[in-house]
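A short worksheet on the structure shown next.
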Amino acid sequence: MKKSTLALAVTVAALAQQAGAAGFIEDSKASVNSRTLYFNSDNREGAANRNEETATGLKFDYLSGFTQGTVGFGLDVQALVGIHLDGGRGHHAANGAISPTESDGSSVDEWTRIGGNAKARFSKTELRLGNALAPNLPILVSNDSRVLPQAFEGGILSSKEIDNVTLTAGRLNQTIGRASSNWSDMGMSGASQGSNNFSFAGGDWKVTKDLTLQYYYANLEDFYKQHFLGLVHVLPLGEDQSFKTDLRYFNSSDDGKNGQAGYAFNNNGGYAKHAGKVDNQTWSAMFTYALGGHALMVGHQQVGDDGGIAYMNNGNITKNGASTGSNEGNGGSSFYLFTDSMINAFNRAGTNTTFGQYSYDFARLGVPGLKTSIAYLHGDDIKGVASNRTLGREFSEWERDMRVDYVIQSGPLKGFGTTVRHGSYRGDADLAGSTNTDQTRVIFNYTYAFK
């Protein structure tokens with residue numbers, strides 16, 4: 001744990017003792033989560049080896065309540081360990097997708113980290129400071145798609161003082177990836193250097209019980225500035241029926257050193273009007289009709305022609321910011337659009353993606369805990385990068401994903417969950433960064449809550 005976080009923890013503990021520990025102790029919660037992942041990614045072409053490995057993650061969380069008084073104080077502590085079970089050199093993903101990588105290309109056997117957040121509450125406003133932050137906001141989504149979650153260091157302030165309005169602001173200075181024990185600065189795909197300042201602010205306004213409006217602003221210093229607008233509306237259509245509209249718009253531009261050596265954005269491996277620069281507008285519209293256990297979603301997304309979607313991605317940041325060399329194992333990122341799918345992201349300049357998903361909850365047939373879904377995405381008009389073979393050409397790609405989830409509802413294994421996912425991706429020949437892939441994941445989850 002970093003010295004700053006440790007100092008905060010000591011301070012909170014002292015304040016808890018002075019202010020009275022009733023709420024601090026009585027409202028506390030503790031749990032242990034276990035997640036085991038079998039991951040098989042079969043590249044259908046090229047020289048790359050098939051990635052096949054299994055790993056387990058254990059995560060302990062202690063969440064205190066708040067001390068008594070006008071201002072309440074609390075402390076959250078988190079300890080995590082990842083254990084690589086199978087998949088040696090030749091089948092391990094060297095980009096740190098599952099676990100950190102040794103110098104010989106094999107996986108480490110075990111990786112750990114510990115962190116915590118000090119927190120304070122006044123009225124309906126909360127401040128959290130520490131290195132176990134996991135924001136889930138339109139402008140930053142903490143990645144949790146493998147065995148351990150991504151985490152951030154910094155501070156986040158959230159307030160609900162205004163009725164039906166949630167305001168959120170913060171500043172983050174470092175991150176640690178889902179498959180890493182090393183903290184690093186924050187950056188973008190293609191950048192070897194990082195930034196220690198990601199600042200953001202915004203809010204959600206629940207205009208009515210059915211309509212929510214959103215606006216957020218974010219700045220990853222020396223990389224990009226970003227505005228987000230969102231609208232979510234749920235229209236009741238009678239008993240057990242609804243129609244949901246979800247509209248999202250991003251406007252991103254360059255900031256500071258973006259485009260210079262070490263700070264260049266590779267535009268997700270696609271075309272850029274200004275090499276290395278962030279310059280993008282993306283909109284997405286999703287519509288979901290729900291009837292009983294059925295849900296049918298269709299939508300369309302359009303990525304601007306000048307550059308790829310902008311979002312934080314630390315996969316290329318090297319150790320100590322070197323221009324070349326091994327990275328920090330921070331591969332893996334998420335962004336707030338439906339096209340951030342199982343294998344592909346449909347995030348290159350010009351991409352027009354039409355997508356759909358059907359899902360069913362079997363609780364309606366007397367099997368609670370069982371859910372399934374199938375999704376299909378097809379992207380067209382992808383702008384080719386500036387090379388003799390691809391300049392001026394447009395490409396297409398598609399992905400099909402299937403998923404089954406089951407959670408045991410009773411008995412000694414109540415809460416034990418199993419997820420099976422399978423995806424297939426195919427892209428046009430000569431499409432930069434495109435590798436035809438079939439991928440299977442089997443995930444076992446269990447959380448034990450201490451009482």
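Considering only the stretch 192-212, state which residues are open to solvent by 30 Å² or more (accessible area, probe 1.4 Å) and either more than 14 Å from residue 138 (Cβ to Cβ) or not in a strand (DSSP E or B) (or both). Passing the criteria: 193, 196, 199, 206, 207, 208, 209, 210, 211.
Please verify whether residue 215 is in contact with a strand residue (DSSP E or B) (Cβ under 6 Å, 6 or more places away or on another chain) and open to solvent by less than 50 Å² (accessible area, probe 1.4 Å), treating the condition exactly as stated.
no
Scanning the stretch 222-257 for residues that are assigned to a loop (DSSP other than H, G, I, E, B) and basic (Lys, Arg) returns a single hit, 257.
Restricting the stretch 391-421 to residues that are at pLDDT below 95 and part of a strand (DSSP E or B) leaves a set whose member that is surrounded by the most Cβ atoms within 10 Å (Cβ to Cβ) is 395.
On the stretch given as the stretch 289-318, residues that are open to solvent by 30 Å² or more (accessible area, probe 1.4 Å), touching a Lys or Arg at 6+ places or on another chain (Cβ under 9 Å) and closer than 29 Å to residue 175 by Cα total 1. When we screen 451, 414 for residues that are out of contact with any helix residue (DSSP H, G or I) (no Cβ under 6 Å at 6 or more places or on another chain), within 27 Å of residue 55 (Cα to Cα) and without any contact (Cβ under 8 Å) to a residue 12 or more places away in the chain, the only hit is 414.
For (1) buried (at least 18 other Cβ atoms within 10 Å of the Cβ); (2) touching a helix residue (DSSP H, G or I) at 6+ places or on another chain (Cβ under 7 Å); (3) farther than 20 Å from residue 217 by Cα, each residue gets a yes or a no:
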residue: 130; (1), (2), (3): yes, yes, yes
residue: 137; (1), (2), (3): yes, no, no
residue: 148; (1), (2), (3): yes, no, yes
residue: 156; (1), (2), (3): yes, no, no
residue: 159; (1), (2), (3): no, no, no
residue: 162; (1), (2), (3): no, no, no
residue: 167; (1), (2), (3): no, no, no
residue: 171; (1), (2), (3): no, no, no
residue: 176; (1), (2), (3): yes, no, yes
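Restricting 375, 429, 449 to those that are open to solvent by less than 40 Å² (accessible area, probe 1.4 Å) and either of a type in the set (A, V, I, L, M) or assigned to a loop (DSSP other than H, G, I, E, B) (or both) reduces the list to 375.
Under the condition of being among the hydroxyl-bearing types (Ser, Thr, Tyr) and touching a residue at least 60 places away in the same chain (Cβ under 8 Å), the residues counted in the stretch 203-236 number 3.
The values are calculated or read from the model by the stated rules, or taken from the named source; none is laboratory data. Not measured: the values here are computed from a predicted model. Positions of Cβ are generated from backbone atoms using ideal geometry, with glycine treated the same way; all protein chains shown enter the neighbour counts. Side chains are part of the model used for accessible areas, which takes the heavy atoms of the whole protein and leaves out ligands, DNA and RNA. Shrake-Rupley method; radii C 1.70, N 1.55, O 1.52, S 1.80 Å.
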